[in-house]
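Student: I am attaching a structure below and will ask some questions about it afterwards.
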Amino acid sequence: MAWSIGFSLLAAFLFAAAAALQYRAARRAVHGGSDAVAAAGLIRKLLHDPLWLAGWGVNLAGFMSQAVALHLGSTGLVQPLLVSQLVFTILLGCAGNGCVPARMDLLGGTAVSAGLAVLFTVPGAVPPAGEPSRPRLFVAALLLAPLVLVLVRGAALRKGTVRAVLLGTCAGLLFACSAVLIKLTTADLVDRGVAATAVDWPGYALAGTTLLGLVLEQRAFAAGSLPAAMTAMTMTNPAASYLLAVLAFHTRPPHSAAAFAAVSVSAVLLTAGIVALSRSAAAARHAPSGS
């Protein structure tokens, strides 16, 4: 478990660093705009931006760290730890501007840390690793697909913070699906080899969900609010991953009173911490001047 936790925290740090770089590149690409018109041709512009490409490289390192963590532990263990991504975003914002975290930042970070501590110290709160059920995965996909489509459509009709939140939520849902598919794909690679993995569908589904999630993430950044986009992704990803861990794997959900209480208290603390951190001025300082 210790190695899984370590690689999860490393992934969270790398994702935060990548988000900072890609946010600056995305805002520069749309020249400060925040609607769908301004975001036209966004990916083409970003692919020619060295800053965004550097962020993509850091993001790739984050996915590799996440893959190792998921191979060593369950999605119910790894994905909640990615909430610390927002804490790292605040710390990077302060480090880049030579400031110290504000009182609200410290309170938010404390709440997030306490929520994770409660979740991981109470037996039965985190679903143990189990064998995946592919039929259940298809059911989950059928449920998530129309939700993502509705949110994307809603984002196309909005701009600014609302657009960032809707697109960030979609990206979080897709990254939660990617986490499950990463676990399936790495299991294929380790247990069955490259040849068997190449003819199995999880690897291709992983590529599709990850690519679409990255595109929506960049559009969320381009909408203009890094805290709003990061908060939506940070809250959606672990929540959806936790539900997928229970639904898509042959594992026991929390069944004792203590475990249910731990999950409830943890959810409250994590939500409060994320909301507090989302209001941080340090995260907003990642924005380039004039955006």
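The values are calculated or read from the model by the stated rules, or taken from the named source; none is laboratory data. All of these numbers come straight from a predicted model, not from anything done at the bench. Every residue, glycine as well, gets a Cβ built from its backbone with ideal geometry; the counts of neighbours run over all protein chains shown.
Student: For the range 116-136, what are the residues that are at pLDDT 80 or above and closer than 17 Å to residue 257 by Cα?
Tutor: 118, 119, 120, 121, 122, 123
Student: How many of the residues in the range 105-124 are among the hydrophobic types (A, V, I, L, M, F, W, C) and within 20 Å of the chain's Cα centre (by Cα)? Break it down into steps so the answer makes sense when it comes.
Tutor: Looking only at the range 105-124, we keep the residues that are among the hydrophobic types (A, V, I, L, M, F, W, C), and these are 106-107, 111-112, 114, 116-120, 122.
Restricting the remaining residues to those that are within 20 Å of the chain's Cα centre (by Cα) gives 111-112, 114, 116-117, 119-120.
Matching residues across the range 105-124 total 7.
Student: Inside the range 138-159, can you point out the residues that are in a loop (DSSP other than H, G, I, E, B) and surrounded by 12 or more Cβ atoms within 10 Å (Cβ to Cβ)?
Tutor: Of the residues in the range 138-159, the ones in a loop (DSSP other than H, G, I, E, B) are 157-159.
Matches in the range 138-159: 158, 159.
Student: Something else about it: So, in the range 125-137, how many residues would count as being over 21 Å from the mean Cα position of the chain (by Cα) and in a helix (DSSP H, G or I)?
Tutor: Residues that pass the stated criteria total 3.
Student: If you check every pair at least six apart or on different chains, which have Cβ atoms under 6 Å apart with a residue in the range 148-160 that is in contact (Cβ under 8 Å) with a residue 40 or more places away in the chain and at negative phi first and a residue that is crowded, with 18+ Cβ neighbours inside 10 Å and in a helix (DSSP H, G or I) second?
Tutor: 152/170; 155/163; 155/166; 155/167
Student: So if I check each of 212, 167, which one is part of a helix (DSSP H, G or I), surrounded by fewer than 23 Cβ atoms within 10 Å (Cβ to Cβ), at pLDDT 85 or above and not hydroxyl-bearing (Ser, Thr, Tyr)? Explain how you work it out, then say what you get.
Tutor: Details: 167 fails: surrounded by fewer than 23 Cβ atoms within 10 Å (Cβ to Cβ).
Of the residues listed, the single one that is part of a helix (DSSP H, G or I), surrounded by fewer than 23 Cβ atoms within 10 Å (Cβ to Cβ), at pLDDT 85 or above and not hydroxyl-bearing (Ser, Thr, Tyr) is 212.
Student: Looking only at residues in the range 77-114 that are buried (at least 18 other Cβ atoms within 10 Å of the Cβ), among the small types (Gly, Ala, Ser) and farther than 14 Å from residue 12 by Cβ, which one is modelled with the highest pLDDT?
Tutor: Filtering first and then ranking leaves 111.
Student: Mind counting the residues in the range 64-76 that are surrounded by fewer than 21 Cβ atoms within 10 Å (Cβ to Cβ) and either hydrophobic (A, V, I, L, M, F, W, C) or touching a Gly at 6+ places or on another chain (Cβ under 7 Å) (or both)?
Tutor: Going through the range 64-76 one residue at a time, the tally reaches 3.
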